[in-house]
């Protein structure tokens, strides 16, 4: 990327990460999926998005209705559907970049256990911080670009529900990981490359 020491940092992080996992959280439109794909490309990993799995045709209709309304899927259903993905044979030996896996407080133990048992121990959690106003600005931009497909949970009236779900259910998850010394808090407001560089710098500090 033309940044002094960049390749050295990437090599060090790869060694530290191994086949482990990173988990990325943030408000809707914080850039979770974008940065998950970037990190997976850099570290030769695989992206696993809990929301993508739950929106698949194999998910029971009552769980899909929860998601479409902006609410989080019930914990027991969520863990049963999502966590087995970690043990797929094609993922053996590869690092996993998780996009908001385990968003409801109380699911952390299941995520930690499943990642460890599948050979992808959770190394670090990344929180992309953006303001509510920035979330809505990005939502509006996405509506104009129409680059997210047909997602009912992207409807304007659902944003308030998703925001409240994040505050009441996901913020305690981040507090848990912070208490465990596993949380990286990153300003998600700047441009994409600047945010990515900040993530790499902070991962490097954990890796050395």
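Rule-based calculations on the coordinates, nothing more; no lab input. Note that the structure is predicted; figures quoted are calculated from it, not measured. Counting neighbours? That spans all protein chains shown, and the Cβs are built from the backbone with ideal geometry, glycine included.
A few points about this structure:
- Length-normalised contact order of the stretch 6-202 in % [C-alpha pairs under 8 Å, at least 6 apart]: 32 percent
- Listed peptides 183-194, 10-21 appear in the order 10-21, 183-194 once ranked by packing, highest mean of other Cβ atoms within 10 Å at the front.
- Length gained when the stretch residue 87-residue 194 is fully extended (0.36 nm per residue, less Cα-Cα span): 35.2 nm
- Over the stretch 5-51, the Kirkwood radius and the radius of gyration, each from Cα atoms, give a ratio Rg/Rh of 1.00.
- Using a Förster distance of 22 Å, the FRET efficiency for residue 117-residue 179 (Cβ separation, nearest 0.05): 0.45
- Computed log₁₀ I(q)/I(0) - Debye formula, equal Cα scatterers, no solvent, the stretch 6-202, q 0.15, 0.16 Å⁻¹: -0.93, -1.07
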